[in-house]
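Notes follow once the structure below has been shown.
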Amino acid sequence: MATALKNLSDYSSDHFVDIADKRFGLVVAEWNREITDVLSAGAHETLLKHGAQADNIFRNTVPGSFELTLGAQLLAQHEEIDAVICLGVVIKGDTKHDDYICHAVANGITNVGLKYNKPVIFGLVTTNTLEQAWDRAGGKHGNKGVEAAVAAIQMLGF
């Protein structure tokens, strides 16, 4: 969703459903932790802002973005979890590892959502540089964590 002209944190909450009784699982990659902590805080604050109860938001960490898929599945399999938000950062390096990781995570997260018939949100920042990652974690493009939380709320109202 982010472009040079778009701030990820701009959204309308006009049609949000009541999420006071909804339970959210956050799966946060520890790799690039300085950035993923900011994404997680953005998601957490957004859920609270729109009515989620702090006791109904569960943050879990996984080593890296590749492990987001299994982390999401372990949370999504619980009936009491209404939505899962996956947050990670993959920065292009000198090899093609980013292509493999991003593709696997995108497919995995999609499959988990379909398997458990609940929102499993792709909040993976995929950039060419560290600067671009920061731009999407509270910088000039807003915060991808906010966008992921908004997507979870919207999908719960679908």
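No value in this document is a laboratory result; all are computed from the given coordinates. What you are looking at is a predicted structure, and each value in this text was computed from that prediction instead of being measured. All Cβ positions, even for glycine, are placed from backbone atoms using ideal geometry, and neighbour counts span all protein chains on display.
Over 24 Å between Cα atoms: which of LYS118/LYS144; LYS92/LYS140; LYS22/LYS140; LYS49/LYS118 fall into that group? As for pairs spanning more than 24 Å Cα to Cα, those are LYS22/LYS140.
Summing -39500 (n - 2.57) over the DSSP H runs of n ≥ 4 in the chain and dividing by its residue number, what mean residue ellipticity at 222 nm do you reach, to the nearest 500 deg cm²/dmol?
Details: 5 runs with 65 residues, N = 158.
Calculated at 222 nm, the ellipticity per residue is -13000 deg cm²/dmol.
Rounded to 0.05, the FRET efficiency of the GLN154 and GLU131 pair, given R0 = 22 Å and the Cβ-Cβ distance, is 0.15. Available extension along the chain between SER12 and GLU80 is 21.8 nm, counting 0.36 nm per residue and deducting the alpha carbon span. When each of the peptides 14-20, 118-124 is scored by how many other beta carbons lie within 10 Å of its residues on average, the order from highest to lowest is 118-124, 14-20. In this simple spin-label model, placing a label point 7 Å from the Cα along the Cα-to-Cβ direction at both GLN53 and ASN117 gives a separation of 2.5 nm. The calculated P(r) of segment 24-101, using every Cα pair and 5 Å bins from 0, goes 3, 16, 25, 22, 18, 9, 4, 2, 1 in percent.
Magnitude of the charge dipole for segment 18-158, about its Cα centre and with charges confined to Cβ atoms of Lys, Arg (+1) and Asp, Glu (-1), is about 200 debye.
Amide H contacts of VAL62 (H built 1.01 Å from N, in plane; Pro and chain starts excluded): VAL28, ALA29, GLU30 sit under 5 Å, all sequence-distant by 5 or more or on other chains. Beta-bridge orientation, the chain: approximately 10 percent antiparallel, per DSSP, counting only bridges with both partners inside.
GLU45 to ALA20: extension gain in nm, 0.36 nm per residue of separation minus the Cα-Cα distance?
Length gained between GLU45 and ALA20: 7.6 nm.
Stretched out straight at 0.36 nm per residue, the stretch from ASP99 to LYS140 would grow longer than its current Cα-Cα span by 12.3 nm.
If you wrap a convex hull around the Cα atoms of segment 67-158, how much volume per residue is inside, in Å³? If you can, show how the numbers build up before the last one.
On the way: hull volume 7.7 nm³, N = 92.
Spelled out: Cα convex hull of segment 67-158, divided by residues, is 83 Å³.
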